[in-house]
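A.B. asks: Would you mind keeping the following structure in view while I ask a few things?
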Amino acid sequence: MENEAASLFANLNRLHTTGPGAERIRKNLGIAAADVVACCRRLVEMPGASITQRGKNWYVSSGGCLVTVNASSFTIITAHKTGN
């Protein structure tokens with residue numbers, strides 16, 4: 001995990017999403033936050049976050065959520081509650 005996570009952590013300032021992506025994340029997580037990127041960044045930075053890379057995406061399991069980030073563009077694609 002360290003090697004996979006190192007690249008993501010080194011580029012946290014590059015995390016972004018699209019307008020439709022932000023709406024999808026708000027809906028899926030049931031949040032009203034204006035800055036969903038900041039919310040997702042906090043999930044990535046949480047102690048105990050599990051980060052894996054499969055194919056072109058990182059999957060971050062943290063705080064009862066699963067955040068999907070494109071590994072080359074650092075675009076937050078979606079986020080879902082996991083119930084954990």
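A.B. asks: Return a yes/no flag: does the range 6-14 have any residue that is exposed (fewer than 15 other Cβ atoms within 10 Å of the Cβ), without any contact (Cβ under 8 Å) to a residue 24 or more places away in the chain and assigned to a loop (DSSP other than H, G, I, E, B). Before you say what the answer is, go through the steps one by one.
C.D. replies: Narrowing the range 6-14 to residues exposed (fewer than 15 other Cβ atoms within 10 Å of the Cβ): 6-7, 9-14.
Subset that is without any contact (Cβ under 8 Å) to a residue 24 or more places away in the chain: 6, 10, 13.
In the following step, the residues that additionally are assigned to a loop (DSSP other than H, G, I, E, B) were identified as none.
Among the residues of the range 6-14, not one is exposed (fewer than 15 other Cβ atoms within 10 Å of the Cβ), without any contact (Cβ under 8 Å) to a residue 24 or more places away in the chain and assigned to a loop (DSSP other than H, G, I, E, B), which makes the answer no.
A.B. asks: Given the conditions (1) in a helix (DSSP H, G or I); (2) open to solvent by 60 Å² or more (accessible area, probe 1.4 Å), and given that PRO47 satisfies all but one, which numbered condition is not satisfied?
C.D. replies: (1)
A.B. asks: Restricting attention to the range 51-62, which residues are in contact (Cβ under 8 Å) with a residue 12 or more places away in the chain and within 11 Å of the chain's Cα centre (by Cα)?
C.D. replies: Scanning the range 51-62 gives ILE51, ASN57, TRP58, VAL60, SER61, SER62.
The values are calculated or read from the model by the stated rules, or taken from the named source; none is laboratory data. On a predicted model such as this, the values are computed, not experimentally measured, just so you know. Methodologically, a virtual Cβ is constructed for each residue, glycine included, from the backbone with ideal geometry; neighbour enumeration extends over all protein chains shown. In case anyone asks, the SASA skips ligands and DNA or RNA and just uses the protein heavy atoms, side chains included. Shrake-Rupley method; radii C 1.70, N 1.55, O 1.52, S 1.80 Å.
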